[in-house]
Amino acid sequence: MISPRYFREIPQRYRLEAGKCKKCGALFFPPRIVCSKCKSKEFETVKLQDEGKILTYTIIRVGPDKFSKETPYAVGIVQLVDGVKLTTQIVDTDLEKIKIGSKVKLVFRKIQDEGKWGLHCYGYKAVLI
Amino acid sequence: MRDVAVIGIGMTKFGELWTMSIRDIFVQAALDAIQDAKVDHIDSMYVGTMSSGLFVGQEHIGAVMADYLGMTPIPTSRVESACASGGVAFRQAYLEVASGHSDFVLAGGVEKMTDGADVTESLATAADQEYEVYQGVTFPGLYAMIANAHMHEYGTTGEQLAHVSVKNHKNGSKNPNAQFRSQVTLEQVMKSTLVADPLRLLDCSPVSDGAACVILCPLEMAKKVTNKPVKVIASAQASDTIALHSRDSFTTLNSVKHAAAKAYKQSSLTPEKIQFAEVHDCFSIAEIVVTEDLGFFEKGKGGAAAETGLTSFEGKIPINTSGGLKSKGHPVGATGIAQIIEVYEQLTNQAGERQIKNAKIGMAQNMGGSGASCLIHILEAV
Ligand SMILES: [Zn+2]
């Protein structure tokens, strides 16, 4: 549905780069142009730490066509140690081992293939630690 | 601002309407509403649809519908706010009448979902494409994460979720327009296929076709056209972050809380004064969370409320007497208007077997995405 070129040209996804508001210190991943806490437009780029914990999760058993080969798969909301929260697949584990509160680390992986040429799209996934 | 009333309603049956196109179903509902309101013209109309482009490849749906309704050259617009598109159409129509700009305005909603698109993928466009859907999240998946968080924080159980579906199917069995008029047992819900843990097939609203339309006009004029006008006493809308993960809590829907606060203020009512409500039960957990955030139950007690029957037809506050999205069906763009129609039927004593005694004040709560949009309308019999 979305051009792979578009995804490739989003550097923060691959380098886990967040925007830190220079005025109030709020951290945004992905980076934003306007701080939704204080409305400031001044940011610095900071790299996020790659460890965190699972706040909530689910096992997708009926998925969209493009993920059909992986179904069932786990997705969760992970809070990184910096406080940033993101949605990510939780992989390389028996699905029963995943719990709210489990510690995870983000790793660089292929997320999906795009379009009829099957171009690879990359990003982060979480593994239990 | 003028007082505004609903004076006529029309809707198709919700379900798999294989023999009708998207324009057919909308026109049918619109004609029924115009006839019901006994008006000879409409000044303007709003068409709520979430994704006619993805579902049937037709955008510019406002003009398509005015054309096929034989109403050109009236102004017509398509409005979109995911599953809250119908609610937004109603609010826009309300504002246009209240402002004095138009007298008779049609607010409608329509969706044709069974014609072949990948429904899971199309619906997921209402979530954050770049940071949620990219990772493989589906809509049931997002609500499943809300459910798991609610279970973790408040001890809500799968059985409590199932009670919502059992109740809504029971109500829907009395609604001739409902997609599913069959009742389900607790055991059937608990044993149905897992879609996204802990949500099962019977925790989820179905894929549906359908359209719903209402006619609004100034209250003063309404009194001349009908002896049973229903007054809109609150119209409120609020938003929240598009991504679930950006919220401080996954078990409170801020858009619902904010819209509710505005609606209660506009109407000078408290939650205790609402006699019944149609709420957005796209998934069983949604009804539980929403009934808490509307202030009907304390936070964390929504599951117990469903289990003990407080939200049943005979309960403290009947929720989703129409059968809700779960049993009545959820043609996404039409849902917000269909909720208004149920409230209108209750307030005008036209709800048949589902009729609540002495219904005077009812609420419709319509939501888009995982709660990034919320519309709340309160209606009163006059
Ligand atoms: Zn800031």
Could you state the angle between the C-alpha long axis of helix B:85-98 and the longest principal axis of the C-alpha atoms of chain B, as a value from 0 to 90 degrees rounded to the nearest 10? 40
Which links in A:22/A:53; A:37/B:231; A:20/B:262; A:97/B:328; A:23/A:66; A:20/A:97 stretch past 30 Å when you go from one Cα to the other? A:37/B:231; A:20/B:262; A:97/B:328; A:23/A:66; A:20/A:97
What's the extension gain from residue A:17 to residue A:50 if we count 0.36 nm per residue and subtract their Cα-Cα distance? 10.8 nm
10 Å Cβ neighbours from other chains, averaged over peptide A:116-127: 1
If you take every DSSP beta bridge fully contained in chain B, what fraction is antiparallel? Give it as a percent rounded to 5. 75
Compute a Gaussian network model of chain B, connecting alpha carbons closer than 10 Å, and tell me which residue from B:247, B:200, B:23 fluctuates the most. B:247
Report, to the nearest 10°, how far helix B:254-267 tilts away from the longest principal axis of the Cα atoms in chain B, using its own Cα long axis and a range of 0 to 90°. 40
If you line up the long axis of helix B:158-172 against the longest principal axis of chain B, both from Cα atoms, how many degrees apart are they, to the nearest 10? 30
Listed residues B:314, B:80, B:121, most fluctuating in chain B (Gaussian network, C-alpha, under 10 Å): B:314
Rg to Rh ratio, the stretch B:273-382, alpha-carbon atoms and Kirkwood radius? 0.93
Could you work out the per residue convex hull volume over the alpha carbons of chain B, in cubic angstrom? 119
Tally Lys/Arg at +1 and Asp/Glu at -1 over every other residue whose Cβ is under 13 Å from the Cβ of residue A:100; what's the total? +2
Nearest 0.05, what FRET efficiency do residue B:298 and residue A:40 give at R0 = 41 Å with Cβ-Cβ as r? 0.65
Taking r as the C-beta separation of residue A:27 and residue A:91 and R0 as 22 Å, the FRET efficiency to the nearest 0.05 is 0.30
Can you pull the one-decimal nm distance between simple spin-label points at residue B:358 and residue B:20, each 7 Å off the Cα toward Cβ? 3.8
Between the stretch B:244-309 and the stretch B:1-34, how far is it from one alpha carbon centroid to the other, in angstrom? 27
Please find, in a Gaussian network model of chain B (springs between Cα atoms separated by less than 10 Å), the residue of B:133, B:343, B:289 whose mean-square fluctuation is greatest. B:133
List the aspartates and glutamates whose Cα lies under 19 Å from the Cα of residue B:316, skipping any in the same chain that are fewer than 8 positions away. B:272, B:278, B:281, B:287, B:292, B:293, B:298, B:307, B:342, B:353, B:380
To the nearest 20 debye, what is the magnitude of the charge dipole of the stretch A:50-129 about its Cα centre, counting +1 on the Cβ of each Lys and Arg and -1 on the Cβ of each Asp and Glu? 80
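Taken together, the values in this text are just the output of simple stated rules run on the coordinates, not laboratory data. Being a predicted model, the structure only gives us computed values, none of them experimental. We place every Cβ from the backbone using ideal geometry, glycine too, and count neighbours over all the protein chains shown.
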